[in-house]
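Participant: After the structure tokens below, expect a handful of questions from me.
The values are calculated or read from the model by the stated rules, or taken from the named source; none is laboratory data. Just so it is clear, the model here is predicted, and its values are computed rather than measured. Here Cβ is always computed from backbone atoms with ideal geometry, including for glycine, and neighbour counts include all displayed protein chains. Note: accessible area is taken over every heavy atom of the protein model, side chains too, but ligands, DNA and RNA are not part of it. Shrake-Rupley method; radii C 1.70, N 1.55, O 1.52, S 1.80 Å.
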Amino acid sequence: MMKPSASLRSMARELREHPSIHGKLDIAQSTQTLGLSPQSDGQPGDDCAVLPTKNGFDLFACEGFMNGFVKADPWFAGWCGVMVNISDILSMGGRPRAVTNAIWAPSAEQMQPVLAGMKAASHAYNVPVVGGHTNLRTDELQLSVSILGHATKIVSSFDARPGDVLVCAVDLQGSYREPFDNWCAALTTPPRKLRAALDIMPGLAEAGLVTAGKDISQGGIVGTALMLAEASGVAIDIQLEALPQPAGVDLARWLRSFPSFGFLLSVRPAHAPAVCAEFAKAGISATVCGDVSQGNAVHLTGREGSTVFWDYQNTPYLNLTTKEAPYA
């Protein structure tokens, strides 16, 4: 194997040290205090809590937002409150049912843009806001949004297997919502197309075409790949040149970006063409961009060689270790 270039090693180091990657380390502090593991009720470590029912699974998730983001772009923060929760439901093969919010603000006037963004997203995706909590006696804007969904077949973070390929699917028809690393395609997409895209992941799950997966969240492609690898107890090699990527965007920024519609999926090689084709029908770029193997690290591989991005055995990330590997 070719020795990695200094620039590739430098990019991997910068990504490891970036706040959007490091922020996920906070999760371990909560799970340890609460005594949670993947065997706990709800299967912590997945993008949603998994709650079995007589006819499938209820899915429950919650997102909190950085105060600086809510203050800088309150309308978009409200929109994202709906959008990113929907992505969590979709990532597990579910269909979203309803959202609630909790909002704190110094005044009703300062709260309005946040709620307007939530309302706009609720209408665009046709997912209702059904209630929440309001407090107008705080020093700054704060937002948390929860969602309920349902699935008949689950796509989990814990089921990736050696021999799978990695599929990355992202809607590239957008731009950055500066100054943050948020790649937004949703605001330029007609609502009918947003709603149609909600059926892709449940359809793939129900057809048995996806082994495991996650939505690309805070931490971007590399952080999401790391969470998927650690949860499943596998290694992932990301082929950088094979990733769907917008023209003119710096690779390091793209690898840590949070897209409005993006998923990393672990798929059996024979299923990969059908998976990519389903996304392509909706105008979403999807490519095979890596391999899943036995091991305990995420590697970045390109024309300049291959380097370790993160070894989760040496440095646990979410510290939610995999259940017994199904392939062992």
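Participant: Please state the shape class of the chain: rounded when a/c is under 1.5, otherwise prolate if a/b exceeds b/c and oblate if not, all from the C-alpha gyration tensor. Could the numbers behind the result be given before it?
Facilitator: Details: a/c = 1.44, a/b = 1.34, b/c = 1.08.
Rounded, since a/c falls under 1.5.
Participant: Which residue, chosen from GLY219, GLY174, ILE154, occupies the Cα position most advanced towards the positive end of the dipole of the range 121-250, where the dipole is computed from +1 (Lys, Arg) and -1 (Asp, Glu) charges on Cβ about the Cα centre?
Facilitator: ILE154
Participant: What percent does the relative contact order of the chain come to when contacts are Cα pairs within less than 8 Å and at least six residues apart?
Facilitator: RCO, the chain: 24 percent.
Participant: Now for a different question. Restricting the count to DSSP beta bridges whose residues both fall in the chain, what percent are antiparallel, rounded to a multiple of 5? Show your work: numbers first, answer last.
Facilitator: Values: 50 of 62 bridges.
Close to 80 percent.
Participant: How much FRET efficiency would the formula 1/(1 + (r/R0)^6) give for THR33 and LYS119, where r is the Cβ-Cβ distance and R0 is 41 Å, rounded to 0.05? List each step's numbers first, then the result.
Facilitator: Working: r = 35 Å, r/R0 = 0.87.
The formula returns an efficiency of 0.70 here.
Participant: Between SER107 and SER40, what is the label-point separation in nm under the 7 Å Cα-to-beta-carbon projection?
Facilitator: Result: 4.1 nm between the two label points.
Participant: Shifting gears a bit: May I ask for the net charge around PRO128, where only other residues with Cβ less than 15 Å from the Cβ of PRO128 are counted and Lys, Arg are +1 while Asp, Glu are -1?
Facilitator: +4
Participant: Follow-up question, since we're still on this one. Defining a contact as two alpha carbons under 8 Å apart and six or more residues distant in sequence, what relative contact order in percent does the range 87-176 show? Numbers along the way, then the final one.
Facilitator: On the way: 114 pairs, mean separation 38.9, N = 90.
Worked out over the range 87-176, it gives 43 percent.
Participant: Next question, about the same structure. Looking at the chain, how many pairs of lysines come closer than 25 Å at the Cα, when each pair is eight or more places apart or spans two chains?
Facilitator: The result is 16.
Participant: According to a simple spin-label model (label point 7 Å from Cα along Cα-to-Cβ), what is the distance in nm between THR53 and ALA242?
Facilitator: The modelled label-to-label distance comes out at 3.8 nm.
Participant: What is the magnitude of the charge dipole of the range 175-316 about its Cα centre, with +1 placed on the Cβ of each Lys and Arg, -1 on the Cβ of each Asp and Glu, and no other charges, expressed in debye to the nearest 20?
Facilitator: Roughly 460 debye, rounded to the nearest 20.
Participant: Quick check on the range 190-328: take the gyration tensor over C-alpha atoms, sort the square-rooted eigenvalues as a ≥ b ≥ c, and tell me if it's rounded (a/c under 1.5), prolate or oblate.
Facilitator: Oblate shape, in that a/c is at least 1.5 and b/c is the bigger or equal ratio.
Participant: Please give the contour-minus-distance gain from VAL130 to ASP311: 0.36 nm per residue of separation, less the Cα-Cα distance, rounded to one decimal in nm.
Facilitator: So the extension gain works out to 61.0 nm.
Participant: In what order, largest first, do LYS281, LYS24, LYS153 sit by accessible area if the probe radius is 1.4 Å? Show your work: numbers first, answer last.
Facilitator: Numbers: LYS281 155, LYS24 40, LYS153 95 Å².
Descending order: LYS281, LYS153, LYS24.
Participant: Something else about it: For the chain, with all protein chains present and a 1.4 Å probe, just round the carbon and sulfur fraction of the accessible area to a whole percent. Intermediate results must be reported in sequence, preceding the final value.
Facilitator: Details: 7360 of 14160 Å².
Looking at the chain in its full context, I get 52 percent from C and S.
Participant: Just how large is the dipole of the chain about the Cα centre, in debye to the nearest 20, putting +1 at every Lys and Arg Cβ and -1 at every Asp and Glu Cβ?
Facilitator: Here the size comes out at about 460 debye.
Participant: Another one. Accessible area of HIS22, 1.4 Å probe, to the nearest 10 Å²?
Facilitator: So the heavy atoms of HIS22 present about 80 Å² to solvent.
Participant: Below 8 Å between Cα atoms, with a sequence gap of 6+, how large is the relative contact order for the range 93-138 in percent?
Facilitator: 60 percent
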